[in-house]
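Step one of this worksheet: look at the structure below.
Where a number appears in this text, it was derived from the coordinates with a stated rule and is not lab data. In this text, all values refer to a predicted model and were calculated from it rather than measured experimentally. Glycine gets a Cβ as well: all are built from the backbone with ideal geometry, and neighbour counts include every protein chain shown.
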Amino acid sequence: MGAPSNFILPDGNVQIAFSGGRTSGKMLHDIIQANQPWPADRVKVVFTNTGKERSETLDFVRECEERWGVPIVWLEYRLRWTGAPHDPKNKIFDTGAHSFEVVSYETASRNGEPFEQIIEYFGFLPNRVADFCSHNLKSRTARRYCVASGWKHWTTAIGIRADEPKRILKKQPKERYRVWYPLNEAGDTKHDVSLFWLFQPFDLELLNIDGVTPTGNCDGCFKKSERKRAEFARSEWHHAEWWSAQERKYGGTFDKTTSWDQLHEYISKQGDWLFGDNDALCQRDGGECAPW
Ligand code: SF4
């Protein structure tokens, strides 16, 4: 476990990206502990809701806020077309269309509404190669909020552990912010995260397998293995159906080989179907969807 000094805030404005998972939850806790009194005038803790987060995640974010006494800004992506009429051929360059809204635990979307809006903007479904959802629904939404708050430069704290070295940027972004990885600098691994939550009076109410939360992030995220998505479709088709509805609407699939309807059919007809175990990117490391 890292020393408190690893979590002392850098100078200037700081955005703490809290994904609603155990890893960034520990990061937030340790930063709060190391920085009292809390400098609320220059630090914002941001949770970006995609609308496909688990209800347990939303409960967890609210509980962290209440128990630790630090305000968390709940944000959601919003699509606001600016041109009229909108030209679908050029829409990707119509940056004025992107916006955000500050929401709360009570008003947060729970049926994929922000996610549907970013799909509408691009006109096709995200996938493992074109994962525009994470950038737009999360990091860019948080960035817009920081700019709207009048920040010109800031640091973004991201919860990436020491056992996820491939997720650390080799170079700082050429933008108005730099990225800070306090957990990584502290040498914290998934075992440390797991141990930390073992001794807390509350926890994220999702399965914890040695520091990894297989059902975390968006419920049907296409970076999860076929096996995880099949299990989700089997046990919670009422939530998985949203992914299937998007595939029907846009005539594509989130996964390059199997549609959600096919997955559902395999499970219904053949419960012992051999599913692939291939997670991708953050899901492979058991990490959280937290791009920069
Ligand atoms: S968890 Fe998966 S589906 Fe959700 S925003 Fe991240 S990459 Fe996209």
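Comparing Cα centroids, the stretch 38-71 and the stretch 109-160 end up 16 angstrom apart.
Could you tell me whether the stretch 226-269 comes out rounded, prolate or oblate from its Cα gyration tensor? Rule is a ≥ b ≥ c as square roots of the eigenvalues, rounded for a/c under 1.5, then prolate if a/b exceeds b/c, otherwise oblate. Here the stretch 226-269 falls in the prolate category. Dipole size of the chain about its Cα centre, with +1 on Lys/Arg Cβ and -1 on Asp/Glu Cβ: approximately 1160 debye, rounded to the nearest 20.
Straight-distance candidates among the lysines for linking to Lys152, with alpha-carbon spacing under 22 Å and chain neighbours fewer than 8 residues away dropped: Lys44, Lys138, Lys171, Lys174. Dipole orientation for the chain: of the candidates Ile16, Ala3, Ser99, Ser99 has the Cα lying most toward the positive pole (charges on Cβ; Lys, Arg +1; Asp, Glu -1). Per residue of the chain, the DSSP helices (runs of n ≥ 4 H) give a summed -39500 (n - 2.57) that works out to -10000 deg cm²/dmol at 222 nm.
Taking Cβ atoms as reference points and 12 Å as the exclusive limit, the residues near Ser259 contribute a net charge of -2, counting Lys and Arg as +1 and Asp and Glu as -1. When each of Lys44, Lys26 is scored by the number of other beta-carbon atoms lying within 10 Å, the sequence from fewest to most is Lys44, Lys26. In loop segments of the stretch 133-189 as defined by DSSP, the trypsin sites (Lys or Arg not before Pro) with at most 13 further C-beta atoms inside 10 Å of their C-beta are Lys152, Lys170, Lys171, Lys174, Arg176. The relative contact order of the chain, computed from alpha carbon pairs under 8 Å that lie at least 6 residues apart in sequence, is 23 percent. For Ile8, the shell of other residues with beta-carbons less than 12 Å away shows a net charge of -3, using +1 for Lys and Arg and -1 for Asp and Glu. Remark: relative contact order (the stretch 1-84) = 31 percent; criterion is Cα-Cα distance under 8 angstrom and separation of 6 or more residues.
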